[in-house]
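Here is the structure we will look at.
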Amino acid sequence: MNLTLKIWRQQNAKAPGGFATYQVQDVTPDMSFLEMLDLLNENLQAKGEPPVAFEHDCREGICGSCGFLINGVAHGGRRGTTVCQLSMRFFKDGDCLTLEPWRARAFPVLRDLAVDRSPFDRIIQAGGFITAPTGGAPDANAILVPKDAAETAFDAAACIGCGACVAACPNAAAMLFTAAKVTHLNALPQGQPQRDRRTLGMVAAMTEELFGSCTNHGECEAVCPKKIPIEFIGKMNRDLICATLHHRGE
Amino acid sequence: MTESAERQHRAVASNRVMALWSSVIGKKVVMAVTGAVLILFVVSHVVGNLKIFSGPEEINAYSRFLREVGWPELGYGQLLWIVRIVLLSCAFLHITAAVQLTLMNRQARPVGYDAKKDVETTWGALTMRWGGLLLAVFIVFHLLHFTGGVVGFQAGQFEDLRVYQNVVAGFSVWPIALFYIVAMGALCLHLDHGIWSMLQTLGWATAQNSKSLRKFSRIFAILIFAGFISVPISVLAGWVR
Amino acid sequence: MEPARIEMLESKIPSGPIERKWEKARFDMKLVNPANRRKHRIIIVGSGLAGASAAASLGQQGYNVDCFSFHDSPRRAHSIAAQGGINAAKNYRNDGDSIFRLFYDTVKGGDFRAREANVYRLAQISVNIIDQCVAQGVPFAREYGGLLDTRSFGGVQVSRTFYARGQTGQQLLLGAYQALEEQVAAGSVKMHSRSEMLDLVLVNGRARGIITRDLVSGAIESHAADVVVLATGGYGNVFYLSTNAKGSNATAIWRAHRRGALFGNPCFTQIHPTCIPVSNENQSKLTLMSESLRNDGRVWVPKKKGDNRAPAGIPEDERDYYLERRYPSFGNLVPRDVASRNAKEVCDEGRGVGPGGQGVYLDFADAIGRLGEAQVREKYGNLFDMYEEITGENAYKVPMRIFPAVHYTMGGLWVDYQLMSTLPGLFVAGEANFSDHGANRLGASALMQGLADGYFILPYTLPNYIASNTLEKVDTSHPAFAEVKDEVAKRVARMVNVRGKRTVDSIHKELGRMMWENCGMARTEAGLRSNLAGIPALREEFWHNVNIIGSGEELNQSLEKAGRVADFLELGELICLDALQRAESCGGHFRVESQTPDGEALRDDERFSYASAWEWKGDGGQWELQKEPLAFEHVHLAQRSYK
Ligand SMILES: Cc1cc2nc3c(=O)[nH]c(=O)nc-3n(C[C@H](O)[C@H](O)[C@H](O)COP(=O)(O)OP(=O)(O)OC[C@H]3O[C@@H](n4cnc5c(N)ncnc54)[C@H](O)[C@@H]3O)c2cc1C
Ligand code: HEM
Ligand code: HEM
Ligand code: SF4
Ligand code: F3S
Ligand code: FES
């Protein structure tokens, strides 16, 4: 099949960007979306034009590197898939696709479709961990974790940190990402001692990284490749209220 | 201490309430709580309004009752004033939070998308801000209208405590009635998203119940809407005169 | 030179009984006074399981750690992709597991080409790893009673594999990543993301720093330290198509090799039996279907050649469940190398299925009949979904099609018992070193090894090195840095200025094809020799005809790839050289000339019971082979048999 791609090109964070339109011929249905872009890049380079920069690594939907909007939908609109897993089966000859990078003040564009997601790391630094210095741990089975707690923790821990939630949110909020980590650690017995500190710290960090706030649009959940549910956002809000009430300052 | 460690420390150490208010979530929680109070008021208000269909005596008496209730412990109109103060402060907080969050959210995405497609969100959610603004305008007008009687009436037409006559007179001016109906539309949309949103914000929504909560929210909003517009409609239609 | 070399390959295995060696080693180690730790700078390249766990642990101890990764966040390291699980000799199942059995299985599974002492230590430490990870909040699978669940995994008969759905590696890495970020917040670790190590700096023969390229600005930078650790993962991408991430590369260890670090067992690469078959010309990577699927899936092909009926249409008695037939006791759970080679054989016989006949069936019909679809979904749901996303086929209805693919590299920089390479002050951890898996890695033991190295070995051996050597103050103003930095800059400039006709990918694909054809699942002398002629030619082609658009002073993904491919073009040659030299079959290394009558790998312990360690002798394919003899005192040399 043949496609028309309208892609955001921007040389670096400072340079002004704009859309450029390209044709890609002979795309086969068994290619992945990124393989289709590889093909485009091979052709561009053959013509001496700079290839389109886009982030990717594992290409199996787990590292969270890839991601951009296809026709206005983060990761291309197939529920529970990243662009790297998106198969060209789902497109048809003659399609015209617009590719845009994540847009958020906290995620400056580095080049073309690649953005800087380091604020996510700083949110984790503000409490997204359980302090367990190497060596001091008790026997693994000394800590009993009810299956359902383990399941909830896992559902939340499945987040791959891709940033699609921020990109899709009308308010550019990082609520779903933050809620996922807060829920993962707050659901486990091991996570209880630092529960309040964690919640307060991560929410404060999220605010300081200049992400927006949640108005419960639910766009994030809809594009999340790991189907993290927005109920976790409610859980996090709860935990924040409790933390605020409990916390004796220091 | 590193930047982020400091950040964490600050968030933890500083005054609790301020810490809550200073976070995006805190403001949101304030909106939810104040929103809830406003809803309670609106509900009781719509119930009160419906008395109009049981005739002038009923509703005028009700209006009087509102002022005399609590007597002798409370003087004439005192309880009403307490209620008014609570409502005012809620509206104030609600709006302040709304404005602040809206500004934050605007700044959070300086460069917009060329072609953004929303897949999940609702009309109600997208119109919260404009709808809210319209509500604000409405409330101001409404107070000047039915409570102050300073707009929408010919001189001497508005008489305190004669609610029935005031409403009939007020709504016989069709543009005003129309404005009320439109405003009620805005309220309906606002609550359609608002009630569910409030429950979700406060962590009551779960994977199991969230569908039904959304339904509940919609039905609730529609009932309020129907209750309110029934009055101007009946006046325009001449059922109430 | 002679004595120096002996000295060079000293494996430093502690004396005493094998159970006590690690304990003894730890006791003999010198310690660093807590007050002095801040003064010591440690560079860790890589933030995967090995790198992140080491950085976090050393940061906790109070050292001044600089951690580097070419990824935008430590959480993206390819450890994230590990699906199946992690082994530990906990014997929670009371099914006869023990430290000694894990040790035994690993040595045997590695086909007797690993160092016994290292493997035993690994088995001992495996127990602490699970404790550590659980304490960090890794959501391992649980029983209803709240205890940890385990499953059995390729090549073993006990249930010792701990797992977190099909995303064990992700959860373990997130645990290490979070511990790392905690140290970043505490100020003890500085994380340098998006910066790629392009060379190693030696001062008076000791590793004292690295040269990096900032992948956003293109700036070439110098960093000095007392010790350098490489935890940069595997080099499977030398085959172009592999289960590794697109960015996985050999540059860090290769640059160190060129600076004098010996390269151990380069030809030991693992071909994983259960991957989704190649489907098209532009295929950019291969996706693994976790081996755990072999617990419940049955592998088969039609008995008839070229039988292209739909699988459902092929009656039971016309199916050949070849693994169950040839290996009654292990059946579908034979080690990876055996499973892969058998798949290749049936396909070469023309009995392969799917497009191009390059595939075999992995059938869950029986499992679904036995356990019910619900339970199968609970166990493997995400894998079935992944399979359907990629192939468009529903594996609950039709059998999966699988084929072997390059997966893991047992080879890597040679290290001693302390995980130090032949360059003083250069330590190597995780998949990047050649250490514990011999000629074949058992499933679920790489995560174990990476975390053992990072959490429990380097935090002892690094301080020991620091404490027992007087390291003069060195910073980046030392001329050695300027010198290497200049070389790096020149090399980058040279690459960019070729301005030829061919894209980096096209050259990489060509290299990959050569490697897969002649140095893949079956290796012949003739094939290897043709590669030894072909690869240098391709290298020439690269340096004269590669086309890199843009400059070195910007985010330039083609340039990043080019640097990595340039190194693969040298490493590929060494792999073939090593494969040629090792005229025996062992584990993942199958020399067609050396097989038993019934086609199993035939080791030659008289001649090849050693680890090969290659010394770089300058450009143009000159290496010198050194040998570390291997002694087997606890696991008796025997032809592996899974029949
Ligand atoms: C698909 C797949 C599934 C697997 N499943 C399992 C399993 O179930 N069980 C199991 O035990 N093992 C499994 N493995 C193997 C195991 O995951 C890896 O061997 C292990 O995770 C390697 O970890 P590492 O820390 O050594 O390297 P990696 O996790 O690959 O980390 C490498 C790090 O080095 C950095 N880096 C590399 N080069 C440079 C450079 N030049 N400059 C700067 N930084 C650099 C990278 O940014 C990265 O941070 C699997 C592997 C794959 C590919
Ligand atoms: C068609 C719809 C409505 C009608 C007919 C109506 C009618 C009235 C009347 C007659 C009064 C005066 C009561 C009295 O003085 O005793 C009143 C007061 C008031 N109404 Fe409404 N109202 C409507 C909708 C609303 C809505 C939607 C809101 C808020 C969102 C609202 C808020 C108020 C407030 C705050 C007062 C002042 C109460 C007080 O302090 O005395 N009204 N309304
Ligand atoms: C007076 C002017 C008003 C303005 C400017 C305003 C604005 C807003 C805004 C911007 C939101 C955020 C949307 C969201 O978070 O989902 C909101 C939420 C809400 N509003 Fe209003 N609103 C106003 C009046 C009202 C009134 C009169 C009511 C009740 C009758 C109300 C009830 C709610 C509720 C329940 C929510 C949901 C809170 C939450 O989601 O946490 N609002 N409002
Ligand atoms: S919550 Fe979902 S969308 Fe957001 S970062 Fe995590 S995986 Fe991506
Ligand atoms: S889309 Fe945005 S508004 Fe909230 S529910 Fe998701 S964060
Ligand atoms: S490339 Fe790793 S998730 Fe897409």
For the stretch A:50-78, give me each residue that is among the β-branched types (Val, Ile, Thr) and either surrounded by 24 or more Cβ atoms within 10 Å (Cβ to Cβ) or within 16 Å of ligand 3 (Cβ to nearest atom) (or both). A:62
For the stretch C:493-508, the count of residues that are surrounded by fewer than 18 Cβ atoms within 10 Å (Cβ to Cβ) and either assigned to a helix (DSSP H, G or I) or without any contact (Cβ under 8 Å) to a residue 12 or more places away in the chain (or both) equals 4
Give the residue that is nearest to ligand 1 (Cβ to nearest atom), with candidates limited to residues of the stretch B:23-43 that are in a helix (DSSP H, G or I) and touching a Ser or Thr at 6+ places or on another chain (Cβ under 6 Å). B:24
If the requirement is being buried (at least 24 other Cβ atoms within 10 Å of the Cβ) and within 14 Å of chain A (Cβ to nearest Cβ), which of these qualifies: C:87, C:91? C:87
Within the stretch C:244-280, which residues are more than 25 Å from residue C:323 (Cβ to Cβ) and either in contact with a Pro (Cβ under 8 Å, 6 or more places away or on another chain) or part of a strand (DSSP E or B) (or both)? C:263, C:264
Looking only at the stretch B:99-118, and only at residues there that are of a type in the set (A, V, I, L, M) and open to solvent by less than 70 Å² (accessible area, probe 1.4 Å), the one that is farthest from the chain's Cα centre (by Cα): B:115
Residue count for the stretch C:54-76, restricted to those that are surrounded by fewer than 24 Cβ atoms within 10 Å (Cβ to Cβ) and either more than 13 Å from chain A (Cβ to nearest Cβ) or small (Gly, Ala, Ser) (or both): 4
Looking at the structure I just gave you, is residue B:152 at pLDDT below 95, out of contact with any strand residue (DSSP E or B) (no Cβ under 6 Å at 6 or more places or on another chain), within 30 Å of residue A:77 (Cβ to Cβ) and buried (at least 17 other Cβ atoms within 10 Å of the Cβ)? no
Scan the stretch B:75-125 for residues that are of a type in the set (Val, Ile, Thr), away from ligand 5 (no atom under 16 Å from the Cβ) and in contact with a Lys or Arg (Cβ under 6 Å, 6 or more places away or on another chain) and report the count. 1
Between residues in the stretch A:159-170 that are facing another protein chain (nearest Cβ under 9 Å) and residues that are within 16 Å of ligand 3 (Cβ to nearest atom) and part of a helix (DSSP H, G or I), which pairs lie under 7 Å by C-beta distance while being six or more apart or on different chains? A:168/A:219; A:168/A:220; A:169/A:219; A:169/A:220; A:170/A:219
Restricting attention to the stretch A:72-91, and to residues there that are more than 16 Å from the chain's Cα centre (by Cα) and farther than 15 Å from residue A:5 by Cβ, which single residue is farthest from the other protein chains (Cβ to nearest Cβ)? A:90
Quick check on this structure: which one of C:389, C:373 is within 25 Å of residue A:81 (Cβ to Cβ), free of Cβ contacts under 8 Å to residues at least 60 places away in the same chain and within 14 Å of chain A (Cβ to nearest Cβ)? C:389
Of all residues in the stretch C:281-317, which are in a loop (DSSP other than H, G, I, E, B), open to solvent by 20 Å² or more (accessible area, probe 1.4 Å) and among the basic types (Lys, Arg)? C:303, C:304, C:305, C:309
Of the numbered conditions (1) in contact with a Leu (Cβ under 6 Å, 6 or more places away or on another chain); (2) closer than 24 Å to residue C:181 by Cβ; (3) hydrophobic (A, V, I, L, M, F, W, C); (4) more than 9 Å from chain A (Cβ to nearest Cβ), residue C:112 fails exactly one; give the number of that condition. (2)
Counting only residues that are facing chain A (nearest Cβ under 7 Å) and either assigned to a loop (DSSP other than H, G, I, E, B) or among the basic types (Lys, Arg) (or both), how many does the stretch C:131-142 have? 3
Which one of C:491, C:529 is within 31 Å of the chain's Cα centre (by Cα), at pLDDT 95 or above and farther than 22 Å from residue C:255 by Cα? C:529
Take the stretch C:616-640 and flag every residue that is free of Cβ contacts under 8 Å to residues at least 12 places away in the same chain and among the polar types (S, T, N, Q). C:622
Just to be sure before I move on: is residue A:219 open to solvent by 10 Å² or more (accessible area, probe 1.4 Å), within 22 Å of residue B:101 (Cβ to Cβ), at the interface with chain B (Cβ under 9 Å from one of its Cβ atoms) and at pLDDT 95 or above in the structure I sent? no
Scan the stretch A:231-243 and give yes if some residue there is more than 14 Å from ligand 4 (Cβ to nearest atom), touching a Lys or Arg at 6+ places or on another chain (Cβ under 9 Å), part of a helix (DSSP H, G or I) and among the hydrophobic types (A, V, I, L, M, F, W, C), otherwise no. yes
Complete set of residues in the stretch B:188-241 that are small (Gly, Ala, Ser) and either open to solvent by 30 Å² or more (accessible area, probe 1.4 Å) or touching a residue at least 24 places away in the same chain (Cβ under 8 Å) (or both): B:194, B:197, B:207, B:212, B:217, B:221, B:226, B:227, B:230, B:234, B:237
Give the stretch B:92-127 a look and list any residue that's touching a helix residue (DSSP H, G or I) at 6+ places or on another chain (Cβ under 8 Å), more than 7 Å from chain A (Cβ to nearest Cβ) and among the aliphatic types (A, V, I, L, M), or say none. B:93, B:95, B:97, B:98
What residue, among those in the stretch C:17-53 that are in a strand (DSSP E or B) and out of contact with any Cys (no Cβ under 7 Å at 6 or more places or on another chain), is surrounded by the fewest Cβ atoms within 10 Å (Cβ to Cβ)? C:41
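Residues checked against (1) open to solvent by 10 Å² or more (accessible area, probe 1.4 Å); (2) under 30 Å from residue C:622 (Cβ atoms); (3) within 16 Å of ligand 2 (Cβ to nearest atom):
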{"position": "C:167", "(1), (2), (3)": "yes, no, no"}
{"position": "C:175", "(1), (2), (3)": "no, no, no"}
{"position": "C:201", "(1), (2), (3)": "no, yes, no"}
{"position": "C:209", "(1), (2), (3)": "no, yes, no"}
{"position": "C:240", "(1), (2), (3)": "yes, yes, no"}
{"position": "C:266", "(1), (2), (3)": "no, yes, no"}
Within the stretch C:58-101, the residues that are among the small types (Gly, Ala, Ser) and free of Cβ contacts under 8 Å to residues at least 12 places away in the same chain are C:98
Which condition number in (1) closer than 28 Å to residue C:420 by Cβ; (2) more than 10 Å from chain A (Cβ to nearest Cβ) is the one that residue C:163 fails? (1)
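Listed here are the residues, each with its yes/no results for (1) part of a helix (DSSP H, G or I); (2) modelled with pLDDT under 95; (3) over 24 Å from the mean Cα position of the chain (by Cα).
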| position | (1), (2), (3) |
| --- | --- |
| C:562 | yes, no, no |
| C:568 | yes, no, no |
| C:579 | yes, no, no |
| C:583 | no, no, no |
| C:593 | no, no, yes |
| C:613 | no, no, no |
| C:620 | no, yes, yes |
| C:625 | no, no, no |
| C:636 | no, yes, yes |
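The values are calculated or read from the model by the stated rules, or taken from the named source; none is laboratory data. Please read all numbers here as calculations on a predicted model, not as lab measurements. Glycine also receives a Cβ, built like all others from the backbone with ideal geometry; neighbour counts cover every protein chain displayed. Remember, those area values only see protein heavy atoms, side chains included, never the ligands or the DNA or RNA. Shrake-Rupley method; radii C 1.70, N 1.55, O 1.52, S 1.80 Å.
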